[in-house]
Amino acid sequence: MSNNKIQLTGKNILEKEFKTAMRGYHQEEVDEFLDIVIQDYDAFQQEIERLRQENERLKKQKQTETPRTRSATPNHQVNYDILKRLSNLEKAVFGKKVADSE
């Protein structure tokens, strides 16, 4: 996480008390808005946690797959080279036999 420290929790928002004044805000509107803020805040916290878990899972997956991937790539290249050489050899050997028999 970055250096920004989270200062509020859903509970902090819910329990926040505001002073009332003569020409203050309508209490019910403020409460309704804060309810929405709390719901969004909780949803964001859940999404952050889900993404953290997915990030950890992907890091572990990468660590376990890396050795296999490294070893498979050179073998694939070697196999391709061998097949290419074998194909050229077959053309040289069998191509001449076909030409000789005609």
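Look at segment 5-25: where a residue is under 14 Å from ASP42 (Cβ atoms) and a partner is assigned to a helix (DSSP H, G or I) and of a type in the set (Val, Ile, Thr), sitting 6+ places away or on another chain with Cβ atoms under 8 Å, you get GLY10/ILE38; ILE13/VAL37; ILE13/ILE38; LEU14/ILE38.
For (1) in contact with a His (Cβ under 9 Å, 6 or more places away or on another chain); (2) at pLDDT below 85; (3) among the basic types (Lys, Arg); (4) part of a helix (DSSP H, G or I), each residue gets a yes or a no:
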{"site": "LEU34", "(1), (2), (3), (4)": "no, no, no, yes"}
{"site": "ASP40", "(1), (2), (3), (4)": "no, no, no, yes"}
{"site": "GLN53", "(1), (2), (3), (4)": "no, no, no, yes"}
{"site": "ARG57", "(1), (2), (3), (4)": "no, no, yes, yes"}
{"site": "GLN61", "(1), (2), (3), (4)": "no, no, no, yes"}
{"site": "SER71", "(1), (2), (3), (4)": "no, yes, no, yes"}
{"site": "PRO74", "(1), (2), (3), (4)": "no, yes, no, yes"}
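Residues of segment 38-45 include at least one that is of a type in the set (Asp, Glu) and surrounded by 10 or more Cβ atoms within 10 Å (Cβ to Cβ).
Check segment 21-30 and report whether any residue there is assigned to a helix (DSSP H, G or I), exposed (fewer than 10 other Cβ atoms within 10 Å of the Cβ) and either over 35 Å from the mean Cα position of the chain (by Cα) or of a type outside the set (Ser, Thr, Tyr) (or both). Yes: segment 21-30 contains one or more residues that are assigned to a helix (DSSP H, G or I), exposed (fewer than 10 other Cβ atoms within 10 Å of the Cβ) and either over 35 Å from the mean Cα position of the chain (by Cα) or of a type outside the set (Ser, Thr, Tyr) (or both).
Name the residues in segment 31-55 that are within 36 Å of the chain's Cα centre (by Cα) and among the acidic types (Asp, Glu), would you?
GLU32, ASP35, ASP40, ASP42, GLU47, GLU49, GLU54
The values are calculated or read from the model by the stated rules, or taken from the named source; none is laboratory data. Keep in mind that what you see is a predicted model, and the values were worked out from it rather than measured. Note that we place each Cβ from the backbone using ideal geometry, even for glycine, and neighbour counts take in every protein chain shown.
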